[in-house]
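Data first, discussion second: the structure below is written as structure tokens.
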Amino acid sequence: MATDTQTSRAVVEKFVERLGRQDPEGIQELFAAEIDWYVPGSDALPWSGPRTRREEVAPYFTTRWPHFELGRSEVVLDRVIVDGGDVMLLAIFTHTVVSTGKEFTTPVAMHLVVEDGRIVRMHLHEDTLAVDKAFTAD
């Protein structure tokens, strides 16, 4: 079902706000019961890959966040583009990996789709090579 731009923007603003607070349960409640979620990455990154159910959203964040040094991450949201139910977040992520101490920066495009006031799709596009190298010890 088509969603208007205003509703999509409101849902995604809540998503970004809860992401900034590191509120995995709050983020999860914004998603529909069935989802199309994809985060690229290698087998070495336990949070990467597809997800298909709302209940898998919070574990994504609780698995991912401990791998980055607390207080050493930065997310710069450059642009939010909304067209009906489609939302693109363009940003730059910088993180420091706990296990290697390596910092990496990657441009990010996140495609979200909102239907009936819930997020039904989240696809993340980032420099997976930069992420993988940061997790690899020299």
Of the residues in the stretch 52-94 that are β-branched (Val, Ile, Thr) and out of contact with any strand residue (DSSP E or B) (no Cβ under 9 Å at 6 or more places or on another chain), the one that is nearest to residue 132 (Cα to Cα) is 63
Can you find a residue in the stretch 102-123 that is surrounded by 15 or more Cβ atoms within 10 Å (Cβ to Cβ), touching a helix residue (DSSP H, G or I) at 6+ places or on another chain (Cβ under 7 Å) and assigned to a loop (DSSP other than H, G, I, E, B)? yes
Checked the stretch 20-79 for anything assigned to a loop (DSSP other than H, G, I, E, B) and within 15 Å of the chain's Cα centre (by Cα); matches are 21, 22, 23, 29, 30, 40, 41, 45, 46, 47, 48, 73
Taking the stretch 62-94 and keeping only residues that are touching a helix residue (DSSP H, G or I) at 6+ places or on another chain (Cβ under 8 Å), farther than 22 Å from residue 4 by Cβ, modelled with pLDDT of 95 or more and not hydroxyl-bearing (Ser, Thr, Tyr), one is left with none
Taking the stretch 83-101 and keeping residues over 19 Å from residue 15 (Cα atoms), surrounded by 15 or more Cβ atoms within 10 Å (Cβ to Cβ) and of a type outside the set (Ser, Thr, Tyr) leaves 95, 97
Within the stretch 93-109, the residues that are under 12 Å from the mean Cα position of the chain (by Cα) and either closer than 22 Å to residue 70 by Cβ or acidic (Asp, Glu) (or both) are 93, 108
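The values are calculated or read from the model by the stated rules, or taken from the named source; none is laboratory data. Nothing here was measured: the structure is a model prediction, and the numbers come from that model. Glycine also receives a Cβ, built like all others from the backbone with ideal geometry; neighbour counts cover every protein chain displayed.
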